[in-house]
Amino acid sequence: MTTDYHVLLDQMLADMSEQQALHQPTSFWREASDRIITELRTHGFEGFRNLPSVRDFFVPSYGPPGNLLSLEDVERLENLLLADTPRGSKKHATVLEMLKGKAWALADFRVFLAADRRELAPDLSRVSESQTGSPPDQVEFEGRRFSRSFLNYLHGLVFLKQKLGETAIRTVLEIGGGYGTLGEILHQSGGGYAYVDVDIPPTAAVASYYLSKQPGLRIADYLEHRGAREIAVPRAGEQAVLCPWQLDRLMGRVDLFWNFISFQEMEPAVVRFYLEQARRLGARYILLRNLREGKQRRVAGSSVGVDEPVLGSDYDRFLPDYEIVASNVFPFGYRTVDGYHSELRLYVRR
């Protein structure tokens, strides 16, 4: 049966309206969600990666807007810097690679290649991002397609290989999976991974759409498990997308619990809830990416920021039966121009 993703989104939203605050968007995401929902309803899912609100909030980019420039900025700078430079010249190509983010992407690709231990699973040597959602700014290296999201996740996976070696990780639970990048990579690696993405709508609906386009992937969407009293962790090679109010019905064990970036946009009580679920499901490893300094605080009258930033010490406190074994900003994380550090934190169950 073919899923109507507008119907899926509407059902998720209707159900979410009846849930406790813990399972709903926090202040940082509430306004963003409304904008994304409006654009999805107007323009559909087929070109979601071109929608302005999606690109602003959960599809990171190397070029505009992720490099803090707009398309208009790039055009003005290109005209200013290259007014007397022939198109196709080395100078022209170099400037455009900087303005449009390809130079930054190449740096991340080189980190990935240098760090990947190819003798260890998952096999990342052939993964290539799909063109589902009509991405406007993928880059191609060695015949494979990459985006900033894709390389962010590859950095996390090679960081795990570097720190853990061969671990027999086969079951992965991710909170806040964006549009489904980690599920795509694990599926393409051919290792028979089971993967669960738990997210709020509308991003959960977008991820369901995206992952459904992966050739050969069996994915259970929200509607399949909506009325279930218990939800089994997927079998090897299968995936599921759930919403937060379904998480405490998930039964089984997971090897790896993963969150990249979205915890920093939540309030501490919400983060604690998800980490308690990771502990309940027996996660052996927990990989997080968080701002070391915490997200900026929200000021009165603004939806930007959080009421209480989540810091590394909070994770340590929420995970009493785990120990942190590695943290990293360079080369696998990121430092912003205004001095914030996006840090990977790896915990192992004691």
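The values are calculated or read from the model by the stated rules, or taken from the named source; none is laboratory data. Keep in mind the model is a prediction, meaning the values are calculated, not measured. Neighbour counts run over all protein chains shown; Cβ positions are idealised from the backbone, glycine included. Please note that ligands, DNA and RNA were not included when accessible areas were found on the heavy atoms of the full protein model with its side chains. Shrake-Rupley method; radii C 1.70, N 1.55, O 1.52, S 1.80 Å.
Among Val299, Ile231, Gly191, flag the residue with its Cα farthest along the positive direction of the charge dipole of the chain, charges on Cβ as +1 for Lys/Arg and -1 for Asp/Glu.
Of the options given, the answer is Gly191.
Within region 107-152, list the GluC sites (Glu not before Pro) lying in a DSSP loop whose Cβ has at most 15 other Cβ atoms in a 10 Å radius.
Glu119, Glu142
Can you give the angle from 0 to 90° between the axis of helix 90-99 and the longest principal axis of the chain, with both taken from C-alpha atoms, to the nearest 10?
Helix 90-99 sits roughly 30 degrees off the main axis of the chain.
Could you give log10 I(q)/I(0) at q = 0.17 Å⁻¹ for region 152-220, computed by the Debye formula over C-alpha point scatterers of equal weight, without solvent?
Scattering profile of region 152-220, log10 relative to I(0): -0.62.
Could you state the accessible area per residue of the chain in Å², with a 1.4 Å probe and every protein chain left in place?
On the way: 15530 Å² over 350 residues.
Accessible surface, normalised per residue, equals 44 Å².
How many Å³ per residue does the convex hull of the Cα positions in region 213-350 occupy? The partial results should precede the final answer.
Values: hull volume 22.3 nm³, N = 138.
Measuring per residue, one finds 161 Å³ for the Cα hull of region 213-350.
Looking at region 9-126 from every direction and averaging, what is the projected area of its Cα convex hull in nm²? List each step's numbers first, then the result.
On the way: hull surface 47.4 nm².
Answer in nm², one decimal: 11.8.
Can you give the charge dipole size of the chain about its Cα centre, rounded to the nearest 20 debye, using +1 on the beta carbon of Lys and Arg and -1 on the beta carbon of Asp and Glu? Could you put the intermediate results ahead of the total?
Details: 42 positive and 46 negative charges, 188 e Å.
I would put it at about 900 debye.
At 10 °C and 1.306 mPa s, grab the translational diffusion coefficient of region 298-350 from Stokes-Einstein with a Kirkwood Rh over Cα pairs, rounded to a whole number in µm² per second. Show your work: numbers first, answer last.
On the way: Rh = 13.2 Å.
Result for D is 121 µm²/s.
Go through region 19-36 residue by residue and turn each phi into a ³J(HN,Hα) via Karplus (6.51, -1.76, 1.60, θ = phi - 60°); whole Hz please, and just put x for glycine and proline.
8, 5, 4, 4, 9, 10, x, 6, 4, 4, 9, 4, 5, 4, 4, 4, 5, 5
Using θ = phi - 60° and the Karplus relation 6.51 cos²θ - 1.76 cosθ + 1.60, list the HN-Hα couplings for region 112-122 in order, rounded to whole Hz, with x at every Gly or Pro.
Calculated HN-Hα couplings, in order: 4, 4, 5, 8, 5, 8, 5, 6, 10, 6, x Hz.
In Å, what Kirkwood hydrodynamic radius results for region 6-51 from the alpha-carbon pair distances?
Values: mean 1/r = 0.0863 Å⁻¹.
By the Kirkwood definition, the hydrodynamic radius is 11.6 Å.
For region 164-293, what class follows from the C-alpha gyration tensor (a ≥ b ≥ c being the square roots of its eigenvalues): rounded when a/c is under 1.5, otherwise prolate if a/b is larger than b/c, else oblate?
Rounded, since a/c falls under 1.5.
Which trypsin sites (Lys or Arg not before Pro) does region 186-286 hold that lie in a coil by DSSP with at most 12 other beta carbons within 10 Å? Mind showing how you got there, number by number?
On the way: sites: Lys213, Arg218, Arg226, Arg229, Arg235, Arg249, Arg253, Arg272, Arg279, Arg280, Arg284; in loops: Lys213, Arg226, Arg229, Arg235, Arg253, Arg284.
Within region 186-286, the qualifying trypsin sites (Lys or Arg not before Pro) (loop, at most 12 other Cβ atoms within 10 Å) are Arg229, Arg235, Arg253.
As an exercise, take the mean of 1/r over every pair of distinct alpha carbons in region 216-291, invert it, and state the Kirkwood radius in angstroms. Mind dumping the intermediate values first?
On the way: mean 1/r = 0.0739 Å⁻¹.
The Cα-based Kirkwood calculation yields 13.5 Å.
Can you list the equivalent-ellipsoid semi-axes of region 122-182, largest first and in whole Å, using the square root of 5 times each Cα gyration tensor eigenvalue?
On the way: eigenvalues 102, 44, 18 Å².
Whole-Å semi-axes of the equivalent ellipsoid: 23, 15, 9.
When the accessible area of the chain is computed with all protein chains present and a 1.4 Å probe, what percentage of it is carbon and sulfur? Mind showing how you got there, number by number?
Numbers: 7710 of 15530 Å².
The C+S portion of the solvent-accessible surface of the chain is 50 percent.
Based on the inverse mean of 1/r over its pairs of different Cα atoms, what is the Kirkwood hydrodynamic radius of region 51-178, in Å? Please list the in-between numbers first.
Numbers: mean 1/r = 0.0605 Å⁻¹.
Kirkwood hydrodynamic radius for region 51-178: 16.5 Å.
Mind checking the angle between helix 148-164 and the chain's longest principal axis? C-alpha axes, 0 to 90 degrees, to the nearest 10.
The answer is roughly 60 degrees.
If you bin the C-alpha pair distances of region 277-326 every 10 Å from 0, what whole percents do you get?
Using 10 Å bins, I get a P(r) of 22, 42, 26, 10, 0 for region 277-326.
Anyone know which of Gly88, Gly180, Gly44 comes out most mobile in the 10 Å Cα GNM of the chain?
Gly88
Based on the alpha-carbon set only, what is the convex hull volume of the chain divided per residue, in Å³?
Spread over its residues, the Cα hull of the chain gives 146 Å³ apiece.
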